1. Distance from the Cα centre of segment 131-149 to that of segment 64-108, in angstrom?
2. If I stretch the segment between residue 72 and residue 131 completely, what's the gain in nm (0.36 nm per residue apart, minus their alpha carbon distance), one decimal?
3. What is the percent carbon and sulfur in the accessible area of segment 1-136, measuring with a 1.4 Å probe over the protein chains and ignoring ligands?
4. I'd like the FRET efficiency for residue 198 and residue 37, computed as 1/(1 + (r/R0)^6) with the beta carbon distance as r and R0 of 30 Å, rounded to 0.05.
5. Using only protein heavy atoms and a 1.4 Å probe, report how much of residue 195 is accessible, in Å² to the nearest 10.
6. Please state the relative contact order of the chain as a whole percent: Cα pairs under 8 Å, 6+ residues apart?
7. Given R₀ = 45 Å, FRET efficiency for residue 109-residue 57 by Cβ-Cβ distance, to 0.05?
8. Pairs 123/252; 115/246; 33/69; 43/69; 4/58: which are spaced more than 18 Å apart, C-alpha to C-alpha?
Amino acid sequence: MEIKKVLNNNVVVAEDEGAKEIVVMGRGLAFQKKVGDDVDETKIEKTFVMESHELSEKLSELLSEISAKHLRVADDIVQYAKEKLNAELSDNIYLTLTDHINFALSRYKQGINLKNALLWEIKRFYQPEYQVGLKALGIIQEEFGYLLDEDEAGFIALHIVNARQDGQQMTTTVTMTQIVQDILNIVTYHYGMVLDETSLNYTRFVTHLQYFAQRMLMEEVVDSGDDFLYDQVQIKYPEAFKCTQKIDAYLKNTHFASLTRDEQVYLTIHIYRVTERNSLT
């Protein structure tokens, strides 16, 4: 097994005998190692086989920014979810859940409590996944020493729902995919740019769109009535807000649905983030 990229002392991207790219983790695994060296297999604690090179690259990028411990905790949660739900989960969850855990802990340390407007619906419609979310809070507390509130259990449950591959959500998959693609096209044409599909912001944006499309099709409304934040994003991100209005018009004309103010806020922020780097280059 040959090292293709060293992320830190404990994590490397390697190539196995079948020429498949994998992410390998272990204490001191990469200490004094370089690209081309063999992996000391006696030190391997976790191996992540990614379903695509692109996903491996994104996970590598994320792990270059945060502690590998976040990935290890995400894996513990994923393994528990697979066993509890008797379901296969997309490898993409290693990226999205690791990123979410890092973000949730960062917010907790800053005293920022993000309310989950869908918590009641999640408890009602996704009870098994919500129970996994509650277990995840215990795993996170054991590893990091912070007890997150149940809103986070709801967010984690949605990551599990989105990653399920056992056919439970297949009835709406085609429509969801079309909605996501249409919205991406609107953003692309509005800004006259090709979005960087390899960036983390793009991945976060697509994940949000998937959740949004799912909520829309299930008629789950997200609206806290926070007019202040709605007014602020119009002022701070005027171009992104204009793009959001185009998306709202598309949804009204094509799917007879409209964006709530909360959804407009979320979309505007995501659009700004996914287009900012492109607009500066």
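1. 12
2. Result: 19.2 nm gained on full extension.
3. C and S fraction of accessible area: 45 percent.
4. The formula returns an efficiency of 0.70 here.
5. 10
6. For the chain, the relative contact order is 13 percent.
7. For R0 = 45 Å, the calculated efficiency reads 0.95.
8. Violating the 18 Å limit, Cα to Cα: 123/252; 115/246; 33/69.
The values are calculated or read from the model by the stated rules, or taken from the named source; none is laboratory data. Quick caveat, the model's predicted, so the values are computed rather than measured. Here the Cβ is made from the backbone with ideal geometry for all residues, glycine too, and neighbour counts use every protein chain on show. In case anyone asks, the SASA skips ligands and DNA or RNA and just uses the protein heavy atoms, side chains included. Shrake-Rupley method; radii C 1.70, N 1.55, O 1.52, S 1.80 Å.
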